[in-house]
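Asker: To start, I am sharing the structure in question, which I have written as structure tokens.
Derivation of every value follows stated rules applied to the coordinates shown; laboratory data play no part. These figures come from a predicted structure and were not determined experimentally. Methodologically, a virtual Cβ is constructed for each residue, glycine included, from the backbone with ideal geometry; neighbour enumeration extends over all protein chains shown.
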């Protein structure tokens, strides 16, 4: 009898172990205890997925699925770099964990969203919306909506663009249809305090904030020139700079408007794409006047500085969107040209600038290039990749 019980017990334990093996616990994307400082994401726009990247080993660690329409997606990171907040074209805000590969939360907060930002203290996520317009504020932990800021002027809703975080849990953004810039102070996120600046120019379509958080610059789709605010000035006001920006002696058709977030500020100079021209403009950031032009292969889209400011990397609109060029900021000349793949949409530097990661959408790959030798270090598979975002952005203003 005792032997029978022992046999049954053994069989039961063996069966339990087999059941456990047949249904293992969910496997972590990466090993427990690993840090997140050298991780990143690539947007896979057609499949609605994120590829998780290891920038040290130059490998792809896995895929996060179920993010919807990522045809115009952007990402911000939590302060520890473990969480990504993804703003999708379909209006969804998704919270994804890079360490587990899981979606931890998702809210459909608008009909059409084109980006967002995270607060200085990391507690608030703010989304900018095309449809229905306006800005919404969320708790970063729970994704609970804390505030809705309609961008309504004279009874008409406006699309919001150019949202950026600025110090002390404030956010600045532009109203495309109303020609205004607003600053929202979210010291009490349920009671936003707004400052509004009118008549800043026609149809601000995008903007940037300087790395030190001082200057906010909005590009104008409806007229030439740019609108600038000095956020350190005792009295805030909007100034117009570069009155001929957007124009050339013989303007060419504009195949793609450049992204202002892809401008570079290296030292005391800004490098920006000339709209409708095959040139990169150099602007003195003390006077905000043009001081030079650099001929390039096509119409620039992103003009991005290596973290040390020594190089500026440029990609282009069609028909030259297989090309990337490198400008030396000392000589102000193109020192290297390459064709890393078809339809180069985005570039992202590693934190110290030793390498740049380039998405080639139509070749379904991400290419890693050494910024000193210009040699290809790795090629990783990705389905129609577009934006690349590294967790080092978590420590930068305006990213």
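Asker: In nanometres, what is the gap between the two model label sites at residue 395 and residue 379, each 7 Å from Cα along Cα-to-Cβ?
Answerer: Those two pseudo-labels are separated by 3.3 nm.
Asker: Need one number: nm distance between label points at residue 244 and residue 318, each 7 Å from Cα along Cα→Cβ, rounded to one decimal.
Answerer: Those two pseudo-labels are separated by 3.1 nm.
Asker: Oh, and also: With springs connecting C-alpha atoms under 10 Å apart, model the chain as a Gaussian network and identify which of 68, 225, 33 has the largest mean-square fluctuation.
Answerer: It is 33.
Asker: Let me ask something else. Go ahead and set up a Gaussian network model of the chain, Cα springs under 10 Å, then flag whichever of 353, 292, 81 fluctuates most.
Answerer: Largest GNM mean-square fluctuation: 292.
Asker: Can you work out the FRET efficiency for the pair residue 232 and residue 198, with r the C-beta to C-beta distance and R0 = 22 Å, to the nearest 0.05? Could you put the intermediate results ahead of the total?
Answerer: Numbers: r = 22 Å, r/R0 = 0.98.
So, using R0 = 22 Å, E works out to roughly 0.55.
Asker: Using a Gaussian network model of the chain with C-alpha springs under 10 Å, which one of 31, 46, 223 is most mobile by mean-square fluctuation?
Answerer: 31
Asker: What distance in nm lies between label points placed 7 Å from Cα along the C-beta direction at residue 104 and residue 121?
Answerer: Result for the modelled spin labels: 1.9 nm.
Asker: Just how far, in whole angstrom, is the stretch 154-194 from the stretch 383-399 if you go by their alpha carbon centroids?
Answerer: Measuring centre to centre over Cα atoms gives 22 Å.
Asker: Based on the alpha-carbon gyration tensor of the stretch 333-374 and its eigenvalue square roots a ≥ b ≥ c, which shape applies: rounded if a/c is under 1.5, prolate if not and a/b is larger than b/c, or oblate? Mind dumping the intermediate values first?
Answerer: Values: a/c = 2.24, a/b = 1.35, b/c = 1.65.
The shape class here is oblate.
Asker: Is the C-alpha gyration tensor of the stretch 281-388 telling us rounded, prolate or oblate? Criteria: a/c under 1.5 is rounded; beyond that, a/b larger than b/c is prolate, otherwise oblate.
Answerer: Numbers: a/c = 2.05, a/b = 1.57, b/c = 1.31.
In terms of gyration-tensor shape, prolate.
Asker: Once a ≥ b ≥ c are taken as the square roots of the eigenvalues of the Cα gyration tensor of the stretch 140-233, is the result rounded (a/c under 1.5), prolate (a/b larger than b/c) or oblate (a/b not larger than b/c)?
Answerer: Oblate, since a/c reaches 1.5 and b/c is not below a/b.
Asker: Hey, another quick one. Can you give me the C-alpha center-to-center distance between the stretch 206-226 and the stretch 262-283, rounded to a whole angstrom?
Answerer: Each part's Cα centre sits 12 Å from the other's.
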